[in-house]
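The values are calculated or read from the model by the stated rules, or taken from the named source; none is laboratory data. Everything quoted here is computed from the prediction, not taken from an experiment. For neighbour counting, all protein chains shown are included, and Cβ atoms are generated from backbone atoms with ideal geometry for every residue, glycine included. The protein model used for the area step is the full one, side chains on, heavy atoms only, and it has no ligands, DNA or RNA in it. Shrake-Rupley method; radii C 1.70, N 1.55, O 1.52, S 1.80 Å.
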2 protein chains.
Amino acid sequence: MKGSGEESGRGLGLDAVRSHNAGLVLGLLRAAGPAGAGRAELAEGTGLTPQAVSKISARLRAAGLAAPAGRRASTGGKPPGLLRLVPEAGYAVGLQLDRDEVRVALVDLAGRAVATRRAPLDFAAGGPAAVEAAAREIEAAVAGAGLGPAGVRAQDVSLPAAGGPEPAAHPATATEPAPAPDSVQVPDPVPAPDSALAPGGYGTGALWGVGCAVPGPLDHRSGVMGRVTGHPEWEGFPLRAALAARLGLPVVLDKDTNAAAVGLAAESGGSFAYVHVGTGLGAGLFLGGALHRGARTGAGEFGHQVLLLDGPRCRCGARGCAEVLCLAAVARGDHGGAARVLGEAVANLAALLDVDRVVLGGRAVEAAPETYVREVAEVLSARAPGTYRVPVRAAPASAVVTGAAELVLTETFTPPRT
Amino acid sequence: MKGSGEESGRGLGLDAVRSHNAGLVLGLLRAAGPAGAGRAELAEGTGLTPQAVSKISARLRAAGLAAPAGRRASTGGKPPGLLRLVPEAGYAVGLQLDRDEVRVALVDLAGRAVATRRAPLDFAAGGPAAVEAAAREIEAAVAGAGLGPAGVRAQDVSLPAAGGPEPAAHPATATEPAPAPDSVQVPDPVPAPDSALAPGGYGTGALWGVGCAVPGPLDHRSGVMGRVTGHPEWEGFPLRAALAARLGLPVVLDKDTNAAAVGLAAESGGSFAYVHVGTGLGAGLFLGGALHRGARTGAGEFGHQVLLLDGPRCRCGARGCAEVLCLAAVARGDHGGAARVLGEAVANLAALLDVDRVVLGGRAVEAAPETYVREVAEVLSARAPGTYRVPVRAAPASAVVTGAAELVLTETFTPPRT
DNA sequence: TGCGCTTTCGCAACAGCGTTGCTTAAGTGG
DNA sequence: CCACTTAAGCAACGCTGTTGCGAAAGCGCA
């Protein structure tokens with residue numbers, strides 16, 4: 001009955017305030033990286049009082065999510081004590097079920113993948129088989145990283161670091177209280193969306209949940225699959241519930257394009273579109289600080305916009321869709337032509353939504369990233385009404401898996417708007 | 001320094017909680033209409049405790065924004081006391097500056113226009129002249145309705161009701177404390193976005209502000225005009241500041257399409273697109289409970305999406321824009337053809353954003369509303385991927401002016417999501 | 001008519017949020 | 001060596017929604 005917003009009623013209580021502000025501070029800490037941030041800049045960045053930041057920081061330190069990170073040089077007074085995020089305080093699993101493979105990424109709170117796996121997948125075998133295959137890959141990744149039910153703390157294990165080596169510049173008073181190393185707490189299987197920072201909730205090294213990214217239509221709220229093109233056997237399969245039951249973890253289900261968008265938003269914020277060129281054309285829309293899923297999780301159906309009235313017929317029934325034009329060019333190996341068609345479609349989108357930037361991804365883009373970025377940017381600047389140029393870049397191939405993990409982490413972090 | 005969110009920092013405080021919850025209750029009261037609503041359903045609708053609703057209601061009654069509205073029949077226990085919105089507790093001015101006329105609507109808290117005016121406007125005369133003309137119309141409308149600096153209370157004056165007669169069904173214990181009838185408080189000229197409900201803020205019958213809707217590009221945050229097509233003399237004109245200085249009232253500036261969308265959202269909520277067919281094609285996007293303006297108030301540039309690659313050249317420089325195709329048909333008098341082109345563009349939009357419904361407006365639509373609604377709905381259902389059909393309807397011709405006033409009122413009311 | 005039941009609703013006490021006022025700590029710079 | 005500056009925390013405060021409980025008010029059955 002409290003402020004934990006159901007869906008229609010969204011009355012706020014004190015807990016909502018605490019959760020929001022803590023998420024804001026965590027978002028800033030995350031953006032600050034291992035160097036950490038001072039309380040003054042946290043206060044500046046959040047609009048809160050320094051004293052409020054102190055109280056929130058104390059709660060975060062008590063929860064093990066933040067730790068002191070030394071002091072910065074003085075600017076004439078007492079040098080500020082820095083605070084940093086403790087990345088190994090929690091992990092999220094990113095799971096990508098694609099048409100031919102399954103990918104898994106174990107991601108820490110800083111957003112870094114500490115373990116990744118990929119394996120072939122027979123998508124046509126249907127939901128239960130895919131759940132089983134995914135669960136095995138997840139368990140292997142978690143076990144390999146030294147986490148999971150066995151209960152070994154993360155920092156005791158040497159992990160195959162994905163990124164570069166961490167700049168170990170913490171000459172600090174490492175007062176990290178080293179919580180009881182005996183067990184790893186697994187959160188409640190039922191998702192508790194905004195109570196992540198309740199005192200005592202979660203534990204160091206715990207798995208916070210699984211974010212699952214799949215292509216095709218689905219319902220985000222219920223976690224049930226829709227009619228995946230070419231795979232009618234998936235329609236109506238309750239993928240989220242099946243994964244949650246199999247793994248004993250909270251699961252968030254979303255389209256692959258949405259997962260990538262959420263992941264990219266954690267890096268840079270703002271409002272933008274992630275455009276995916278794979279089996280079809282799709283887009284993830286991050287607008288005004290939040291992902292836009294639409295009324296029925298159908299937003300981002302970007303490929304079936306008509307670009308050429310009376311053009312060739314598309315599998316969707318219409319004529320001259322961007323998808324049929326673009327994929328025909330890809331099939332010919334004409335990435336330049338595909339990119340120009342894509343550019344027109346993206347320009348339509350950019351004009352309609354006034355996005356800050358555009359990020360391209362998907363297998364076709366990975367095949368020739370420079371071509372796509374160049375051609376799309378070209379069309380965009382030719383079509384832009386004013387002098388403003390929308391930046392275009394390509395996403396890494398891992399954007400979807402990593403973003404899937406971010407679906408879980410986003411519930412705790414509130415990214416600072418840019 | 002408090003929770004009144006600037007732009008980047010959005011730390012919440014108690015005041016934000018109060019403001020949000022009060023807005024939620026006011027939104028429900030507004031939706032309930034003159035019949036009023038019981039405390040239990042307000043608690044249900046907000047997710048708050050009945051006791052919290054009681055406290056909030058007491059504040060609203062003290063502020064004059066809500067009043068008792070009798071009792072509902074018992075369901076076996078003590079009959080609930082009803083609460084209703086007091087529409088005459090405040091007014092907002094809606095101002096529409098179009099290319100050939102100025103329109104003004106004085107709107108009460110219930111969203112009803114209690115006075116309207118329209119007059120020719122020489123848009124080419126530039127900003128200052130338009131401001132002066134608009135100010136005169138506003139003053140005339142306010143004086144005619146018995147409000148304004150003279151300070152006559154609204155309920156003492158017979159108003160030219162725009163809608164039907166109000167169903168006077170209030171057999172209640174009218175305990176309305178009748179605040180001092182001597183003066184009408186005019187709010188601070190500097191907008192105070194979310195402190196509208198501070199005890200003692202605003203007064204009964206007061207003007208809360210002016211919402212100004214104009215075509216063409218502008219910056220919502222700064223209130224400065226951009227390059228209006230065909231009227232370069234408007235570029236850079238600080239319309240919001242000029243109006244605020246001339247009128248001594250807070251002013252909100254936005255595109256006409258956005259104003260209409262906000263106004264329509266107040267009626268029915270949800271997420272939808274308002275599509276305007278006038279001098280150009282534009283759209284107002286109400287997504288996920290909030291208007292989407294985009295990074296530079298440029299969202300809704302709906303007309304310059306390319307529908308026909310290598311089609312006829314548009315004034316924007318591209319080829320085959322929806323606008324050039326649609327307006328060519330309108331110029332021929334071929335509303336059916338224009339509507340079908342519009343339908344394709346709307347279908348692109350609906351697929352991309354997964355909206356609940358589409359509302360059509362603008363002069364071309366007013367000329368043949370049934371044709372546009374029918375043809376657009378036809379294209380939409382032909383292109384819809386699933387069985388879901390997006391409802392299409394036409395907006396009244398007053399949608400933009402009324403919505404402009406709603407730009408002001410929205411800061412106080414939080415519409416319940418649907 | 002009387003009594004039990006249901007529902008409404010407000011008073012009073014409460015826990016928890018960020019804020020304010022003030023004190024103490026820990027550096028820099030003349 | 002002593003102002004001066006900046007940082008950080010303790011304590012009190014105002015305010016939020018919440019909880020507990022009792023009074024008020026109508027229904028329905030004996």
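Which residues does the label zone of A:Glu139 cover in region A:393-410, counting backbone N under 14 Å from a point 7 Å along Cα→Cβ? From region A:393-410, the list is empty. Rounded to the nearest 0.05, the FRET efficiency derived from the C-beta distance between A:Ser222 and A:Ala290 at R0 = 25 Å is 0.80. With a 10 Å cut-off around each Cβ of B:16-23, the average count of Cβ atoms from other chains is 3. Computed with a 1.4 Å probe over protein heavy atoms only, the accessible area of A:Tyr372 comes to about 0 Å². Scanning residues 5 or more positions from B:Leu218 or on other chains, those with amide H under 5 Å from its amide H are B:Gly226, with H placed 1.01 Å from N in the peptide plane. Rolling a 1.4 Å probe over the protein heavy atoms leaves A:Glu233 with an accessible area of roughly 80 Å². If the segment from A:Ala241 to A:Asp100 were pulled out straight at 0.36 nm per residue, it would be longer than the present Cα-Cα gap by 48.5 nm. Take each residue of peptide A:300-311, count the partner chain Cβ atoms within 10 Å of its Cβ, and average: the result is 6.
Summed over the residues of region A:14-85 and divided among them, the accessible surface reaches 44 Å² per residue at a probe radius of 1.4 Å.
Nonpolar atom fraction for region B:9-75, defined as the carbon and sulfur part of the 1.4 Å probe accessible area, stands at 56 percent. Go ahead and run the numbers for FRET between A:Arg118 and B:Thr229, Cβ-Cβ distance against an R0 of 41 Å, rounding to 0.05. Using R0 = 41 Å, I get an efficiency of 0.20. Estimated at the nearest 10 Å², the accessible area of B:Val392 is 30 Å² with a 1.4 Å probe. Most simply put, region B:268-395 has about 55% antiparallel DSSP beta bridges, counting only bridges with both residues inside it. Loop-located trypsin sites (Lys or Arg not before Pro) in region B:350-418 (DSSP state other than H, G, I, E, B) with a sparse environment of at most 12 neighbouring Cβ atoms within 10 Å: B:Arg389.
What translational diffusion coefficient, to the nearest whole µm²/s, does region A:14-85 have by Stokes-Einstein, given a Kirkwood radius computed over alpha-carbon pairs, a temperature of 25 °C and 0.890 mPa s viscosity?
202 µm²/s
Where in region A:49-87 is the amide nitrogen less than 11 Å from a point lying 7 Å along the Cα-to-Cβ axis of A:Ala40? Only A:72-81 fall inside the zone, counting backbone N under 11 Å.
With a simple spin-label model that places each label point 7 Å from the Cα along the Cα-to-Cβ direction, the separation between A:Asp334 and B:Ala367 comes to 3.9 nm.
Based on alpha carbons, the Rg and Dmax found for region A:266-400 are 14.0, 41 Å.
May I ask for the accessible area buried between chains B and A, both sides summed, probe 1.4 Å, to the nearest 100 Å²? Counting both chains, the buried surface is close to 4200 Å². Residue by residue along A:342-350, Cβ atoms of other protein chains within 10 Å of the local Cβ number 4 on average.
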